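Asks: First the structure, which I've put down as structure tokens, then a few questions once you've had a look.
The values are calculated or read from the model by the stated rules, or taken from the named source; none is laboratory data. Quantities reported herein were computed from a predicted structural model and do not represent experimental measurements. Every residue, glycine as well, gets a Cβ built from its backbone with ideal geometry; the counts of neighbours run over all protein chains shown.
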Ligand SMILES: NC(=O)c1ccc[n+]([C@@H]2O[C@H](COP(=O)([O-])OP(=O)(O)OC[C@H]3O[C@@H](n4cnc5c(N)ncnc54)[C@H](OP(=O)(O)O)[C@@H]3O)[C@@H](O)[C@H]2O)c1
């Protein structure tokens, strides 16, 4: 059975992807750690849209997690034809003050897990000569970000990696998209202990998903969600990193010291 696998589907952008794609009759495999939320979401989507929704409750930071997930989808006979690598988190503070273990876990989830899942499912997609992979990156991937140093660097990896493999896989009818949202109204800021950085006018997760699906339709390999985020990224590209980091650093230093 064909299915779409979404990591980080228990909330925020991942849940919005699940709801939107269920309405488009995708069968789903939903992954996150919060089992209760996944059970409720699967039950609701199966009932409402008459699709199949399977969940795997898993901590994707665990070393064996991607192998376990892959084996589980193989065992159930799922053909993962859409893979949405969405699970991720950030941290916000002076890097020297952040807990090292948590920073390493972030690299693990945002980068290592994403690469491993892409590799495992891409091979199957290549055999079938079709597939869609959406890697959720960020506008933070376009420049170094003081006080979000590790997070921005993980997302720089995601954007670069995704655009490169998008080109490699063009002849195989496999689309790879780097989805770059700006600030979005989800649990992200609470998890990052950055409630003070929440701002007015953030995008909704539903708007981010809409942008992603239009970009898939037009076969783009990278998309920035939100008009102001797009304009910011275009102007930002003309400025030297030394200037951008100085301005951002100055703006955030006060907020970080107040925390
Ligand atoms: N919100 C923003 O402003 C923003 C902007 C740009 C990019 N993004 C990116 O968008 C993606 C989704 O984030 P979001 O904003 O929707 O945040 P969110 O509401 O905090 O959702 C994060 C999701 O990832 C899952 N997750 C976290 N750690 C996990 C782990 N160890 N194993 C398995 N699943 C895990 C969470 O589920 P459990 O807790 O149940 O495991 C949750 O479903 C992330 O990659 C983030 O970097 C967000």
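Asks: Which numbered condition in (1) within 11 Å of the ligand (Cβ to nearest atom); (2) within 30 Å of residue 234 (Cα to Cα); (3) part of a loop (DSSP other than H, G, I, E, B) is the only one that residue 113 fails?
Replies: With (1) within 11 Å of the ligand (Cβ to nearest atom); (2) within 30 Å of residue 234 (Cα to Cα); (3) part of a loop (DSSP other than H, G, I, E, B) applied to residue 113, the lone miss is (3).
Asks: Here is a check on your reading of the model: is residue 197 exposed (fewer than 13 other Cβ atoms within 10 Å of the Cβ), modelled with pLDDT under 95 and either in contact with a helix residue (DSSP H, G or I) (Cβ under 9 Å, 6 or more places away or on another chain) or farther than 28 Å from residue 10 by Cα (or both)?
Replies: No, not satisfied.
Asks: Answer yes or no as to whether residue 117 is over 23 Å from residue 190 (Cβ atoms) and in contact with a strand residue (DSSP E or B) (Cβ under 9 Å, 6 or more places away or on another chain).
Replies: So residue 117 fits the description; yes.
Asks: Right, here's the next one. Within the stretch 185-202, identify whether any single residue is more than 10 Å from the ligand (Cβ to nearest atom), in a loop (DSSP other than H, G, I, E, B) and over 24 Å from residue 112 (Cβ atoms), and answer yes or no.
Replies: yes
Condition check ((1) free of Cβ contacts under 8 Å to residues at least 12 places away in the same chain; (2) surrounded by fewer than 17 Cβ atoms within 10 Å (Cβ to Cβ); (3) not in a helix (DSSP H, G or I)) across all residues:
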| residue | (1), (2), (3) |
| --- | --- |
| 55 | no, no, yes |
| 62 | yes, yes, yes |
| 84 | no, no, yes |
| 90 | no, no, yes |
| 102 | yes, yes, no |
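Asks: Restricting the search to the stretch 12-24, which residues are touching a residue at least 40 places away in the same chain (Cβ under 8 Å), within 12 Å of the ligand (Cβ to nearest atom) and on the phi < 0 side of the Ramachandran plot?
Replies: Answer for the stretch 12-24, where residues must be touching a residue at least 40 places away in the same chain (Cβ under 8 Å), within 12 Å of the ligand (Cβ to nearest atom) and on the phi < 0 side of the Ramachandran plot: 13, 14, 15, 16, 17.
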